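The values are calculated or read from the model by the stated rules, or taken from the named source; none is laboratory data. Not measured: the values here are computed from a predicted model. Using ideal geometry, Cβ is built from the backbone for each residue, glycine included, and neighbour counts are taken over all protein chains shown. To get the accessible areas, we keep the full protein, side chains included, count just its heavy atoms, and leave off ligands, DNA and RNA. Shrake-Rupley method; radii C 1.70, N 1.55, O 1.52, S 1.80 Å.
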Amino acid sequence: MASMDETFRSPPAQGGPVDLLVVGGGINGTGIARDAAGRGASVVLVEQDDLASHTSSASTKLIHGGLRYLEYYEFRLVREALIEREKLLRIAPHIIWPMRFVLPYTPQARPAWMLRLGLFLYDHLAPNMTLPRCKSLDFRTNSAGRPLNGTLARGFAYSDGWVQDSRLVVLNAMDAQARGADIRTRTRLVKARRVDGVWEAEIEDTRDGSRTTLRARALVNAGGPWVSEVLRERAQVSSTKQVRLVKGSHIVVPRLFDGPQAYILQNPDKRIVFAIPYEQEFTLIGTTDVPWTQAPGHVEISPEEITYLCESVSRYFTRSVSPDDVVWSYAGVRPLYDDAAKNASAVTRDYVLDVDTQGDQAPMLSIFGGKITTYRRLAEHAIEKLQPFLPVLSAPGWTADRVLPGGDLGEGGFDAAVARLSARAPFLDAKSCWRLVRNYGSRAHDIVGDARSLADMGEQFGAGLSAREVEYLIASEWAQTTQDILWRRSRLGLHVTDEDAARLDAYLRARQPRAATAAS
């Protein structure tokens, strides 16, 4: 009998229903598609834009238990997230790695006893945690105190994880496809209705407007900020569950401090802000929590949010930050489950899965809330909810132990993998080797291929981005535009010049007729 990794399913017969139609190409949608495909289900996923175009690429990029959630007694969520943190560090070591966080103590925020208790719980809520535990710091002698102003004498350090968020989404989609799923980007659900015991869905290619109809035994609504719209407007399904939209914004400034540590800063309003080393040359600062009542598509940071984040950091660091220092900003809308909390910061980050069957009709599972750290467990819970309707999903869970594409770094881990790539491709500089392994893990060797010189890598678009890498992203990762490549498949947009980006754009435009000819 073939193993799960060796089992690939043919698409259903023309007109026959697939097992699962997943609407939404963020972290929850791709995670569910991967899990379901790996259990033997036929899966189609549609995403109206690029993968991770919205919420899933606009996070603070942390794989964490959520230290501050303890303040709201979210013990189950924190425990689950801490357990998941350990699993994700194992299955995606190229794009997820440990990070140490420094928490300065200031008596104007939370009392020291509360911080100590919270950190103790954080270290002990989940079993078998491998990251270093919390410890107290004296900023007068510890190097972590050097960037801070002289009014802060002590604090704490604890561990969490960092993730390249949009790449996590793409890797889940890649693995889902490798196991038989049909991943369709730039494809939106127009409408869906129940017909003869299955879902009949009309979908539209947003590039040319063409429409097709497919049938599915079950529908997963992983629409994120659009979850209510998919429910009520596109599928005509009513629900008592509500989503609460909260905008979170971040700024990026030139590097504020040396060292690999990040800082978690308490503000007078009891909110916390992170200052995190980012892309070697920068510091990422965020996030805000602002109620959002407008359409969830294109969102931007407001001047007030920029000022808030600048003041939050300047309150702690020797170097002050002003809006003029901001080199880039991004914002996203979090689709939180509406638990009626008055304060946006207090709204639960837990998730709710709602199954609608309207009697014995084809099921529709909708996802409210969630956070990137718990996406894999959310997917397992979603599959459990759908098992009574789709017996094919009754196969055992498997995603906790199977590495994501590129995660098989080999003996010696990340550093050894970089050394092996450098030995294979000595024409690449050290920075490029590091970046390729950090982005693609073992798949970096697929990009280098048979190249024996830098010229063999093709046209160069700045910051080490070559035509070979671009072609890999197009062929293997659904990238189509300059934005896809520079900001979601990588963060090279921070490093390339405007001229570089324009040349990449011209390259992509020039290859479109070739691609269309090849497809025909």
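In table form, for the structure just shown:
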read-out: Using distinct alpha-carbon pairs, which all enter the 1/r mean, Kirkwood radius of the stretch 60-101 in Å; value: 10.9 Å
read-out: Interatomic Cα distance distribution for the stretch 201-270, bins of 5 angstrom, percent; value: 3, 9, 13, 15, 11, 9, 9, 8, 9, 10, 4
read-out: Sparsely packed GluC sites (Glu not before Pro) within the stretch 429-520, loop by DSSP, other Cβ within 10 Å at most 15; value: Glu459
read-out: Residue-normalised accessible area of the stretch 404-520, expressed per residue, 1.4 Å probe, Å²; value: 46 Å²
read-out: The stretch 456-485-the stretch 193-270 distance, computed between alpha-carbon centres (Å); value: 27 Å
read-out: Cα gyration tensor shape of the stretch 63-129, rounded if a/c is under 1.5, else prolate or oblate by comparing a/b with b/c; value: prolate
read-out: Compactness index (Cα Rg / 2.2 N^0.38 Å), the stretch 401-512; value: 1.05
read-out: Nonlocal Lys pairs with alpha-carbon distance under 27 Å, the chain (8 or more apart, or different chains); value: 24
read-out: Interchain or long-range residues, amide H under 5 Å from Gly223's placed H; value: Ile367
read-out: Placed amide H near Phe139: partners under 5 Å, 5+ positions off or other chain; value: Arg154, Gly155
read-out: The stretch 277-291 and the stretch 42-111: distance between their alpha carbon centers, rounded to Å; value: 14 Å
read-out: Asp429 accessible area, assembled protein chains, probe 1.4 Å, Å²; value: 90 Å²
read-out: Phi to ³J(HN,Hα) by Karplus 6.51 cos²θ - 1.76 cosθ + 1.60 over the stretch 76-82, Hz, x for Gly, Pro; value: 4, 4, 5, 4, 4, 5, 5
read-out: The stretch 310-315 - phi-based ³J(HN,Hα) in whole Hz, Karplus 6.51/-1.76/1.60, Gly and Pro as x; value: 4, 5, 4, 6, 5, 5
read-out: Label assignment, volume of the Cα convex hull per residue in Å³ derived from the structure, set [x] 212; [y] 180; [z] 161; value: [z]
read-out: Sequence ranges 273-283, 202-212, ranked by mean other-Cβ count within 10 angstrom, highest first; value: 273-283, 202-212
read-out: Cα principal axis extents for the stretch 118-242, largest first, Å; value: 70, 34, 32
read-out: Amide hydrogen neighbours beyond the local backbone of Tyr337, cut-off 5 Å, H modeled; value: Arg244, Gly369, Gly370
read-out: The stretch 23-80: proportion of alpha-carbon pairs further apart than 16 angstrom, %; value: 59 percent
read-out: Packing-based order for 250-262, 389-401, using average beta carbon neighbours within 10 Å, highest first; value: 250-262, 389-401
read-out: For the stretch 104-120, 3J(HN,Hα) per residue [Karplus equation, 6.51 cos²θ - 1.76 cosθ + 1.60, θ = phi - 60°, Hz, x = Gly/Pro]; value: x, 8, 9, x, 6, 9, 9, x, 4, 4, 5, 5, 4, 5, x, 5, 4
read-out: Relative contact order %, the stretch 462-510, counting alpha carbon pairs below 8 Å whose residues are six or more apart; value: 41 percent
read-out: Low-density loop positions, trypsin sites (Lys or Arg not before Pro), the stretch 278-365 - DSSP coil, at most 12 other Cβ in 10 Å; value: Lys342
read-out: Ordering of 488-494, 288-294, 102-108 by burial proxy (mean other Cβ atoms within 10 Å per residue, highest first); value: 488-494, 102-108, 288-294
read-out: Tensor-based shape of the stretch 324-414 (alpha-carbon gyration tensor, a/c under 1.5 rounded, otherwise prolate or oblate); value: oblate
read-out: Listed residues Leu365, Ile264, Ala417: farthest to the positive end of the dipole of the chain (Cβ charges); value: Ile264
